[in-house]
1. Which ones in the stretch 349-380 are over 18 Å from residue 78 (Cβ atoms), out of contact with any helix residue (DSSP H, G or I) (no Cβ under 8 Å at 6 or more places or on another chain) and part of a loop (DSSP other than H, G, I, E, B)?
2. Could you please give the count of residues in the stretch 280-304 that are out of contact with any Leu (no Cβ under 6 Å at 6 or more places or on another chain) and more than 17 Å from residue 270 (Cα to Cα)?
3. Mind checking whether some residue in the stretch 303-319 is in contact with a strand residue (DSSP E or B) (Cβ under 7 Å, 6 or more places away or on another chain), basic (Lys, Arg) and farther than 15 Å from residue 245 by Cβ?
4. Farther than 29 Å from residue 142 by Cβ, touching a strand residue (DSSP E or B) at 6+ places or on another chain (Cβ under 9 Å), loosely packed, with under 14 Cβ neighbours inside 10 Å and modelled with pLDDT of 95 or more: is that true of residue 100 in this structure?
5. Can you tell me which residue is nearest to residue 352 (Cα to Cα) among those in the stretch 308-328 that are open to solvent by 10 Å² or more (accessible area, probe 1.4 Å) and touching a helix residue (DSSP H, G or I) at 6+ places or on another chain (Cβ under 8 Å)?
6. How many residues does the stretch 265-298 contain that are aromatic (Phe, Trp, Tyr), part of a loop (DSSP other than H, G, I, E, B) and under 29 Å from residue 361 (Cβ atoms)?
7. Taking residue 255 as the residue in question, decide whether it is closer than 22 Å to residue 315 by Cα and either open to solvent by 10 Å² or more (accessible area, probe 1.4 Å) or hydrophobic (A, V, I, L, M, F, W, C) (or both).
8. Tally time: how many residues in the stretch 107-161 are among the charged types (D, E, K, R), assigned to a strand (DSSP E or B), under 30 Å from residue 369 (Cα atoms) and open to solvent by less than 30 Å² (accessible area, probe 1.4 Å)?
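The values are calculated or read from the model by the stated rules, or taken from the named source; none is laboratory data. Quick caveat, the model's predicted, so the values are computed rather than measured. For neighbour counting, all protein chains shown are included, and Cβ atoms are generated from backbone atoms with ideal geometry for every residue, glycine included. Please note that ligands, DNA and RNA were not included when accessible areas were found on the heavy atoms of the full protein model with its side chains. Shrake-Rupley method; radii C 1.70, N 1.55, O 1.52, S 1.80 Å.
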Amino acid sequence: MLRPLIIALMISLMSGVSPTMAQAPAALARPARPTPPTRDPSTAGYVTAKELPDGTNASANADGNFIIGPTHNHAPEMSPQEGVPQGMVFEFTMNSADSKIYPGIAREANTFGTVDPTDPGKLVVTTSHSAPYTRRVTVYVPRQYVPGTVAPFIVGADGPDRDLFTVLDNLIAQRRVPVMIAISISNGGGDAQGSERGLEYDTLSGRYAEFVEQEVLPLVETQYHVKLTKDPDGRATMGGSSGGSCAFIMAWYHPELYHRILTYSGTYVNQQWPYNPETPHGAWEFHEHLIPSSPAKPLRIWMEVGDRDLLNPNVMDDHMHDWVVANESMAKVLAAKGYHYQFIFARNAGHTDHAVKQQTLPEALEYLWQGYPVAGQKIN
């Protein structure tokens with residue numbers, strides 16, 4: 001009986017909460033993120049990468065590790081081009097009350113969590129509770145889509161992603177990617193542990209992919225009279241930060257649904273909540289255990305990280321919250337397993353850096369869709 005009281009007292013001393021209030025670990029306000037240092041891609045332990053001329057991108061058909069920057073030029077494909085057909089963009093909303101998979105949670109405002117005194121890699125959140133949400137789903141249908149035909153598609157997190165729609169207009173017109181539909185899904189709110197977004201994006205399971213498959217895609221097909229392919233080679237996922245880890249999680253746990261993954265500043269760190277003893281380190285487990293110990297899956301991956309990407313942006317000093325190390329480690333284990341992947345280390349770039357995306361997204365999408373037919377011909 002004394003041990004819980006002792007732990008509560010320890011927590012109260014660390015957090016400034018009186019012992020009478022510390023019956024459970026107190027949820028603290030999320031600390032301000034420190035300014036990340038600029039990382040050097042030649043650091044010991046980082047992957048060997050090819051340094052590209054400033055302002056250029058890696059070839060769209062090249063696997064491996066590349067360094068770009070520090071100048072990030074706005075690719076012309078990221079702006080509307082005269083004479084290029086523009087796709088139709090539709091939007092609808094989904095309510096938590098209608099979801100069997102995600103009925104809704106939220107973490108109370110101005111709270112975060114406390115580190116488990118017995119495990120620095122485990123965050124205890126006591127202020128998460130049921131809460132409703134409304135999310136937007138934005139659907140891009142290219143002008144070239146022929147009604148009634150089966151189309152490939154890409155699912156994006158943290159939507160809507162207007163940049164994606166614009167670049168698809170141009171790449172489809174240039175026959176650099178297939179005629180595809182884009183489904184850009186907003187999250188359910190909040191961020192990180194204890195939030196709906198964190199539950200959706202940082203949980204290592206097939207749950208979010210199942211939500212998309214069972215609750216989102218049928219509405220897209222019904223409302224906009226499109227047919228989405230069931231072929232996993234014609235299905236892609238995309239996201240940044242936790243949306244990036246979500247994109248990888250979707251395909252990893254359901255490779256029968258998705259084969260193509262695109263991530264900016266993927267959160268391959270220890271941010272899963274609720275705690276799962278089978279994957280105790282969250283998405284850090286991908287490069288720590290899951291990829292090295294599993295047979296290679298039929299996945300093609302494009303991924304990026306910035307030299308000033310995040311480093312320990314919370315109270316956890318568990319050495320599993322460095323986004324650069326996490327993405328470097330992902331590249332290392334993907335290479336060891338023989339995956340088709342392209343990893344971009346961007347100089348002069350922060351977390352999910354918009355200038356980097358403006359420079360790289362066209363080639364990233366072209367790389368992502370290598371091997372898929374475009375109007376009867378495969379991309380080479």
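1. Residues of the stretch 349-380 that are over 18 Å from residue 78 (Cβ atoms), as a first pass: 350-351, 370-380.
Next, only the ones that are out of contact with any helix residue (DSSP H, G or I) (no Cβ under 8 Å at 6 or more places or on another chain) stay: 350, 370, 373-378, 380.
Once the filter is applied, which keeps residues that are over 18 Å from residue 78 (Cβ atoms), out of contact with any helix residue (DSSP H, G or I) (no Cβ under 8 Å at 6 or more places or on another chain) and part of a loop (DSSP other than H, G, I, E, B), the stretch 349-380 yields 350, 370, 375, 376, 380.
2. First, pick out the residues of the stretch 280-304 that are out of contact with any Leu (no Cβ under 6 Å at 6 or more places or on another chain): 280-301, 303-304.
Checking which are more than 17 Å from residue 270 (Cα to Cα) leaves us with 292-301, 303-304.
Within the stretch 280-304, residues that are out of contact with any Leu (no Cβ under 6 Å at 6 or more places or on another chain) and more than 17 Å from residue 270 (Cα to Cα) number 12.
3. No, the stretch 303-319 contains no residue that is in contact with a strand residue (DSSP E or B) (Cβ under 7 Å, 6 or more places away or on another chain), basic (Lys, Arg) and farther than 15 Å from residue 245 by Cβ.
4. Numbers: farther than 29 Å from residue 142 by Cβ: yes; touching a strand residue (DSSP E or B) at 6+ places or on another chain (Cβ under 9 Å): no; loosely packed, with under 14 Cβ neighbours inside 10 Å: yes; modelled with pLDDT of 95 or more: yes.
Against the criterion (farther than 29 Å from residue 142 by Cβ, touching a strand residue (DSSP E or B) at 6+ places or on another chain (Cβ under 9 Å), loosely packed, with under 14 Cβ neighbours inside 10 Å and modelled with pLDDT of 95 or more), residue 100 does not qualify.
5. Step one: of the stretch 308-328, the residues open to solvent by 10 Å² or more (accessible area, probe 1.4 Å) are 308, 310-312, 314-315, 317-320, 322, 325.
Subset that is touching a helix residue (DSSP H, G or I) at 6+ places or on another chain (Cβ under 8 Å): 310-311, 320.
Details: 310: 10, 311: 13, 320: 19 Å.
Within the stretch 308-328, the match that is nearest to residue 352 (Cα to Cα) is 310.
6. The initial filter retains those residues of the stretch 265-298 that are aromatic (Phe, Trp, Tyr), namely 268, 273, 275, 284, 286.
Applying the additional criterion that residues be part of a loop (DSSP other than H, G, I, E, B) yields 268, 273, 275.
Pick out the ones that are also under 29 Å from residue 361 (Cβ atoms) and you get 268.
Qualifying residue count for the region: 1.
7. Details: closer than 22 Å to residue 315 by Cα: no; either open to solvent by 10 Å² or more (accessible area, probe 1.4 Å) or hydrophobic (A, V, I, L, M, F, W, C) (or both): yes.
No; evaluated as a whole, the condition is false for this residue.
8. Taking the stretch 107-161 as the starting set, the residues that turn out to be among the charged types (D, E, K, R) are 107-108, 116, 119, 122, 135-136, 143, 158, 161.
From the residues that got through so far, the ones that are assigned to a strand (DSSP E or B) too are 107, 116, 119, 122, 135-136.
Now restrict to residues that are under 30 Å from residue 369 (Cα atoms): 135-136.
After this cut, where a residue has to be open to solvent by less than 30 Å² (accessible area, probe 1.4 Å) as well, the list is 135.
The qualifying residues number 1.
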